[in-house]
C-alpha cells in the first residue's frame, strides 16, 4: 500500500519543501494589496536589541534578503521589530509590531471557516492525511503600495517585504481565499498565468479549452520565482474567469488557513484524493511543507486536536500541559485560563457550571487572595477535566438526531446514540 503513496509523493515532489521555514515559490493568481486610504504614514523608531542577539538578527536579515523575501526600503512607513527566543533558547523568531499600521488598513470581509465545521465529515474515514502549506504567507507577492505599508525598521536599517509577512491585517484572510479557491474551484487562472503551469497538470485537470495549447508552453523567464506575473491590481478574483465543471471541489472540505485535513474510507481512495489535491496545488503553485505534513495515518494532529476513525480528542500533550498550572495571581490570568478552556469546551462536561465561580471573580479578590476557596476548587476540577478529556465520536449525519432543550438556560444540545 505504501508503495502507491510514495509514488504519488515522488511524482509531485517539486512542490514539497524539506525545510518548514524555506521560502516557497510565489503562488499564482494572487497578490496582497493593503488599502490604508488617505492616512498619513507613521514611522516608528527602531527598538533596542539585546547585544548577544544582534548577530542572529543580522544573519536572519541577510537570509531574507538573499531569498528575495525582503528588500531595502525608502517607505515613509516604519514598524519596529520584536525578537523572540524560540523554545530551544538559541534560535530566534523575528516578529514585526504592526499594531499601529493595522489600525489604518481597511479590513477585508472574507470569512475564516468556523472551527466546528472543520470536524464534520470524518465519520466514514479510516485513513487520514494532513497537509501544512510551506511558510504559507510567504507564497503571496505584495503590490507596490503593500510593500511600502509593510516596511519595518531595526538597528540594521529600513526594509520592506516582497512577500506577504505574518502579522499584517488581512494576511490570513488573503491566504484563506487562495486555499479555498484551490480546494473548491471557483475561478481559474488567466491564459498568461496558465501558460506557466506544468503540462501534465492541465492534462490531468482536463483543461482542454481554447487556451489548452498555450497552457503547455513554458516561458523560462516568466517562470522565475522572483518575477510577478500579475499586474499589481489584478488577481484571479478580479479577473473572475469561471473554472470549468471538472475543476470543482477536490476534497469536499475547507482548510483552516494553511492547514488541510482529510480522511478516506480506504487506502486507495486516500491515495486518489491526495493525487488530485497535489495536482490542484501544483496548478496554483502552492508549496507543501513535507516535515509538517502527515500521509496515510490512522491518527493525525489537526488544530490542537487528534483525529482518528474512532473520533476526535484534545491533543494529550497540550491538555496535560495545564496539569501543573498554579492558580493565577491576576484577573487577567484567570480570564486567559478560561479563554483557553473555551477552545476545548465540547470535551469538558458542565464547563459553564463548574467555571461559574471563576467568572464571578474580581481583580481585588484575586490580588488579595481572599475568599478564593470556591474558585480554587473549581480551578483544580477544570484542570482534571482537561487532562482527562474524553473521545468524542464523529457525528453520523445519516442517524437520527435528538434535540435536548434546557429549561434553566437558553441553549440546546444535539445528541447521537452509539451502540
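The values are calculated or read from the model by the stated rules, or taken from the named source; none is laboratory data. Computed from a predicted model, the values in this text were never measured in an experiment. Don't worry about glycine lacking a Cβ; one is built from the backbone with ideal geometry, like all the others, and counts go over all protein chains shown.
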Options 380, 373; residue that is free of Cβ contacts under 8 Å to residues at least 12 places away in the same chain and under 18 Å from residue 336 (Cβ atoms): 380
Does any residue of region 73-89 turn out to be under 30 Å from residue 181 (Cα atoms), surrounded by 13 or more Cβ atoms within 10 Å (Cβ to Cβ), modelled with pLDDT of 95 or more and assigned by TED's automatic domain parsing to the domain that holds residue 141? no
Meets criteria (closer than 30 Å to residue 163 by Cβ, surrounded by 15 or more Cβ atoms within 10 Å (Cβ to Cβ) and either touching a residue at least 24 places away in the same chain (Cβ under 8 Å) or touching a helix residue (DSSP H, G or I) at 6+ places or on another chain (Cβ under 6 Å) (or both)) for residue 309: no
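Among 408, 389, which is in the same structural domain as residue 354 (by TED's automatic domain parsing), closer than 15 Å to residue 350 by Cα, at pLDDT below 85 and out of contact with any strand residue (DSSP E or B) (no Cβ under 9 Å at 6 or more places or on another chain)? Reasoning before the result, please.
Numbers: 389 fails: out of contact with any strand residue (DSSP E or B) (no Cβ under 9 Å at 6 or more places or on another chain).
None of the others qualify; the one that does is 408.
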Would you confirm whether any residue within region 110-118 is in contact (Cβ under 8 Å) with a residue 24 or more places away in the chain and crowded, with 18+ Cβ neighbours inside 10 Å? yes
For the subset of region 317-327 comprising residues that are touching a residue at least 40 places away in the same chain (Cβ under 8 Å) and not in a loop (DSSP other than H, G, I, E, B), which member is surrounded by the most Cβ atoms within 10 Å (Cβ to Cβ)? 319
Could you tell me whether any residue of region 178-200 is under 30 Å from residue 100 (Cβ atoms), touching a strand residue (DSSP E or B) at 6+ places or on another chain (Cβ under 8 Å) and modelled with pLDDT of 50 or more? yes
Considering each residue of region 1-56, count those that are part of a loop (DSSP other than H, G, I, E, B) and either in contact (Cβ under 8 Å) with a residue 12 or more places away in the chain or surrounded by 14 or more Cβ atoms within 10 Å (Cβ to Cβ) (or both), and give that number. 30
Please state which one of 142, 133 is over 30 Å from residue 263 (Cα atoms) and surrounded by 23 or more Cβ atoms within 10 Å (Cβ to Cβ). 142
Among the residues that make up region 125-132, is at least one of them assigned to a loop (DSSP other than H, G, I, E, B) and in contact (Cβ under 8 Å) with a residue 24 or more places away in the chain? yes
So in region 254-268, with the set limited to residues that are out of contact with any strand residue (DSSP E or B) (no Cβ under 6 Å at 6 or more places or on another chain) and either crowded, with 22+ Cβ neighbours inside 10 Å or assigned to a loop (DSSP other than H, G, I, E, B) (or both), which one is modelled with the lowest pLDDT? 254
